[in-house]
């Protein structure tokens with residue numbers, strides 16, 4: 001005991017050594033785990049704050065191969081998780097809060113204080129959609145509010161929808177929605193778009209896309225599902241309502257890569273830069289997959305593909321270096 005009669009306790013950090021550490025879950029992480037486990041690497045996975053990634057907030061998934069009748073996002077992630085466990089992947093529902101990639105044995109620390117040493121690290125931390133933060137938006141997610149038109153647009157075919165954004169992604173998703181929806185309202189906060197000229201021309205040339213300039217969304221309306229949105233014109237101050245059944249937010253994604261910023265080469269928006277056609281990062285033995293490095297496609301099937309690539313690259317790296 002110390003001088004004031006209090007018991008002094010020293011907490012010792014746990015240290016573990018594994019062949020392959022997978023940081024993050026979702027289609028990329030689970031696929032990497034399946035391949036790494038079947039290769040005998042006995043991977044250890046830290047799922048992160050949201051096990052299963054963005055698909056855990058998605059309802060029906062109808063465009064993933066092998067599910068002819070569709071599957072909900074959480075159900076699909078349960079399937080992938082069970083498959084990874086079947087091959088003896090160790091899965092921990094924790095976050096990695098610090099890394100040291102000086103190598104050749106890389107180090108990572110979990111939020112509970114465990115220190116993990118691994119020659120191969122697969123990053124599958126994904127990206128998080130940016131939201132407006134307006135009333136009704138969070139409450140009606142999966143009930144008409146979405147951040148992925150390609151994923152969820154099919155459920156709004158022949159219906160009237162709205163999409164917020166001014167960049168290439170918003171323009172591309174608006175034209176995609178226009179092919180299956182009766183009308184698309186594109187809400188642009190300023191009097192111009194950031195999208196490339198050719199994308200703007202496509203939007204303006206599409207007859208069932210109506211662009212609302214100088215417009216901000218104030219609220220998503222509806223009880224059990226989206227029934228409309230309340231918008232305001234920034235120049236006139238006029239507030240009005242649009243009767244839409246779907247509301248898409250396309251203002252960008254933020255890759256979950258902050259913990260790696262001091263070690264890995266990132267682009268200007270935080271995505272991990274990998275060798276073209278590979279999962280290799282600038283650090284030998286560290287491999288990136290899924291939406292943490294893909295800002296173009298951002299689909300479950302492409303994430304799974306890069307997860308496979310990362311596991312194969314990790315296996316090859318360990319074998320070639322005798323680790």
* Asked: In the list 192, 201, 224, 172, which residue meets the criterion of being crowded, with 17+ Cβ neighbours inside 10 Å and not in a strand (DSSP E or B)?
  -> 172
* Does residue 91 satisfy the criteria of being part of a loop (DSSP other than H, G, I, E, B) and touching a helix residue (DSSP H, G or I) at 6+ places or on another chain (Cβ under 9 Å)? -> no
* Residue in the stretch 270-304 that is farthest from residue 80 (Cα to Cα), counting only those that are assigned to a strand (DSSP E or B) and touching a helix residue (DSSP H, G or I) at 6+ places or on another chain (Cβ under 6 Å) -> 272
* **residue 73 modelled with pLDDT under 95 and closer than 22 Å to residue 309 by Cα** => no
* **Qualifying residue in the stretch 262-273 (condition: within 21 Å of residue 49 (Cα to Cα), buried (at least 17 other Cβ atoms within 10 Å of the Cβ) and free of Cβ contacts under 8 Å to residues at least 24 places away in the same chain)** => yes
* Asked: Which of the residues spanning the stretch 236-248 are within 20 Å of residue 170 (Cβ to Cβ) and either assigned to a loop (DSSP other than H, G, I, E, B) or in contact with a helix residue (DSSP H, G or I) (Cβ under 6 Å, 6 or more places away or on another chain) (or both)?
  -> 244, 245, 246, 248
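Anything in the stretch 138-150 that is surrounded by 22 or more Cβ atoms within 10 Å (Cβ to Cβ) and either out of contact with any strand residue (DSSP E or B) (no Cβ under 9 Å at 6 or more places or on another chain) or modelled with pLDDT under 95 (or both)? List them, or say none.
146, 147, 149
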* Structure fact -> Counting only residues that are surrounded by fewer than 21 Cβ atoms within 10 Å (Cβ to Cβ) and closer than 23 Å to residue 300 by Cβ, the stretch 100-136 contains a total of 4
* Structure fact -> Scanning the stretch 97-142 residue by residue, the ones that are closer than 18 Å to residue 24 by Cβ and in a loop (DSSP other than H, G, I, E, B) total 7
* Structure fact -> Expected single match for in contact with a strand residue (DSSP E or B) (Cβ under 6 Å, 6 or more places away or on another chain) and touching a residue at least 12 places away in the same chain (Cβ under 8 Å) among 314, 304 is 314
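The values are calculated or read from the model by the stated rules, or taken from the named source; none is laboratory data. Quantities reported herein were computed from a predicted structural model and do not represent experimental measurements. Cβ atoms come from the backbone with ideal geometry, glycine included; neighbour counts cover every protein chain shown.
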